[in-house]
Amino acid sequence: MEKLFEQLCICTELIEAGVASHTCNIAWLNKFCATFHKFASEFKIYLPCKTDLTRYNKIQMETIYLCFTQVLTCITNLERIMHTERNFELFATRNHFINRINWCLRLLHASLSQLSEDAQLDLNLDDLSFVELLDVVLDKLETFNEIVPELQHSVSIRSLDLDGQFHDAINHIIRHALAFANVALEADKKALNSLCQRVLDESSQFEHNFEQHSAEERKLESLALQRCIYCLETYLNEALLRLVFASLLDVEEMSVKKLKTALETKENTTLVPQLIAELDLNMDRIQQIGVFAIAFSQEAKTKTIVRSCLASLEALDSVLVPAFQLQTTPSAVQHADLLEQHFNEELMTFRNIIHEIIDSQALISNYLDLLADSIQNAEQLYPSGELLQIARMGNVILQHFQLEENFQILSIDGIRLYQDFLLILGECQAVLELGTSVDLKRIVKRFKILYSILAKLREDLWKNANQVNASLNDKSITNPNQSIYCSKRQISFAKQRSRKYYKLINNRSLLPFHRNI
């Protein structure tokens with residue numbers, strides 16, 4: 001460990017010396033890269049000694065992985081800047097990335113110090129994700145359900161809830177859900193707030209009546225609380241997918257290029273505040289999508305990529321608009337261009353990794369719901385308004401299957417249906433973008449064809465997935481008289497992986513991809 005600290009100190013000294021002497025050139029960057037590579041190699045040797053990590057130390061390791069990724073991102077951008085500086089002195093841009101590297105080095109030092117102490121701290125609910133908090137609560141509810149009648153008078157709730165952590169975990173779940181509700185689509189905010197209140201009410205009633213009730217009554221209240229938690233989780237998953245459609249559509253249509261141009265030309269000053277507000281809202285939405293993507297993903301590499309994208313976007317948040325506002329010199333314009341390029345690259349990486357996480361069936365099902373609502377309300381909508389926005393949201397499906405990992409899951413029939421989907425989606429968008437008036441019935445007919453093709457594609461995906469998981473599904477239900485909560489718990493946002501808990505069998509009203517066409 002001492003070697004790691006020594007090598008990290010050398011890296012820090014190189015950064016500070018370069019900034020102080022204004023010698024941050026390619027030679028300096030190469031020297032830093034070689035030194036940091038040596039540190040990374042030393043860390044790789046140390047890493048196998050830390051295979052059995054506590055929950056607290058796992059958090060430190062996640063921070064270390066994030067710092068490594070961020071340093072590499074900043075090095076790539078610094079190299080680009082230094083090749084550009086033949087014509088312009090990009091001090092501001094260079095310092096932005098150097099300061100981020102410096103921050104990462106300090107964070108690496110702090111995390112390594114915690115690892116060296118091998119801290120054994122109590123469970124901190126603030127460090128748990130939404131999914132991990134659900135596991136804590138559902139673990140305790142299973143414990144409550146298993147209390148035998150003869151022990152019911154000798155067991156208090158405080159002896160079963162990890163010294164009050166059951167109540168605190170419920171509050172943390174609600175906190176996560178409400179943070180998401182703040183940036184969710186308007187139609188979802190009220191429903192999420194209502195579901196959060198139901199969970200709080202059921203939790204309060206369960207705790208208040210615990211000691212007075214019999215084991216059977218306690219189990220009924222526990223099942224009622226479980227049902228509320230499952231409803232909240234399911235609705236949040238669906239609302240999260242709807243936000244993905246809206247947010248990724250905004251990223252595509254409302255590029256920062258528009259804001260940069262508006263601030264540079266200063267021709268339309270009334271539009272600028274609206275563009276800034278839209279950008280801020282979408283960045284808040286992307287942060288929440290990222291937080292839940294990290295929670296639902298089970299792969300360390302995927303989590304790290306999402307965290308790195310969020311860290312980059314957060315660092316750009318405070319410098320992007322000021323850079324666009326101060327495009328008065330050639331170097332300032334170049335500074336704004338480089339930050340814009342970095343911003344777009346991070347958004348592209350974020351979009352792709354989110355599509356790797358998202359379950360294809362759930363994404364299609366969510367879009368089918370949007371299509372069904374638009375078809376039903378078509379008589380009240382203007383073709384150039386909401387219908388066009390719904391049609392453009394289909395581009396998110398297109399992006400999803402442009403990734404090789406997602407395209408590979410399509411069967412031969414699935415590929416044919418996907419090609420048909422691309423064709424009819426293009427027709428729907430084209431007919432709505434025409435300047436001439438088009439009969440609404442013709443537009444609705446195309447939307448119905450789009451719905452039908454996409455529904456068949458979903459069914460094909462579902463059939464393939466069921467064939468692959470047939471043996472696993474057979475084992476998941478062994479007792480036909482078991483509780484209604486004992487079917488396999490599913491996550492509609494992320495790709496299906498083995499999960500510890502279970503969900504309702506009869507939940508067609510909750511999960512859109514269980515509905516019949």
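The values are calculated or read from the model by the stated rules, or taken from the named source; none is laboratory data. Every value quoted in this text rests on a predicted model; they were computed, and no experiment measured them. Please note: Cβ atoms are built from the backbone with ideal geometry, for glycine as well, and neighbour counts cover all protein chains shown. SASA here: full protein model, heavy atoms, side chains in, ligands and nucleic acids out. Shrake-Rupley method; radii C 1.70, N 1.55, O 1.52, S 1.80 Å.
Scanning the stretch 73-100 for residues that are under 18 Å from ASN30 (Cα atoms) and modelled with pLDDT under 80 returns THR84, GLU85, ARG86.
The conditions of being touching a Leu at 6+ places or on another chain (Cβ under 7 Å) and part of a helix (DSSP H, G or I) are met by ALA262.
The set of residues in the stretch 329-366 being over 16 Å from LEU259 (Cα atoms), in a helix (DSSP H, G or I) and of a type in the set (Asp, Glu) consists of GLU345, GLU346, GLU356.
Residue-wise test of (1) touching a Pro at 6+ places or on another chain (Cβ under 6 Å); (2) at pLDDT 90 or above; (3) hydrophobic (A, V, I, L, M, F, W, C).
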| site | (1), (2), (3) |
| --- | --- |
| LEU425 | no, yes, yes |
| VAL438 | no, no, yes |
| ILE449 | no, yes, yes |
| VAL468 | no, no, yes |
| SER487 | no, no, no |
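In the set ASN193, ASN209, only one residue is open to solvent by less than 40 Å² (accessible area, probe 1.4 Å) and free of Cβ contacts under 8 Å to residues at least 24 places away in the same chain; that residue is ASN209. Residue pairs whose Cβ atoms lie under 6 Å apart, sitting 6 or more positions apart in sequence or on different chains, and linking a residue in the stretch 439-451 that is more than 13 Å from ASP420 (Cα to Cα) and part of a helix (DSSP H, G or I) to a partner that is at pLDDT below 85 and not hydrophobic (A, V, I, L, M, F, W, C), are ILE443/PRO383.
Looking at the structure I just gave you, is ARG285 open to solvent by less than 50 Å² (accessible area, probe 1.4 Å), among the charged types (D, E, K, R) and touching a residue at least 60 places away in the same chain (Cβ under 8 Å)? Here the answer is yes, as ARG285 does meet what is asked.
Checked against the criterion of being out of contact with any Pro (no Cβ under 6 Å at 6 or more places or on another chain), of a type in the set (A, V, I, L, M) and without any contact (Cβ under 8 Å) to a residue 60 or more places away in the chain, the candidates LEU403, LEU320, LEU368 yield just one match: LEU403. The condition (being touching a helix residue (DSSP H, G or I) at 6+ places or on another chain (Cβ under 9 Å), closer than 17 Å to TYR451 by Cβ, assigned to a helix (DSSP H, G or I) and at pLDDT below 90) is satisfied by just one residue among LEU388, LEU398, LEU371, LEU417: LEU388.
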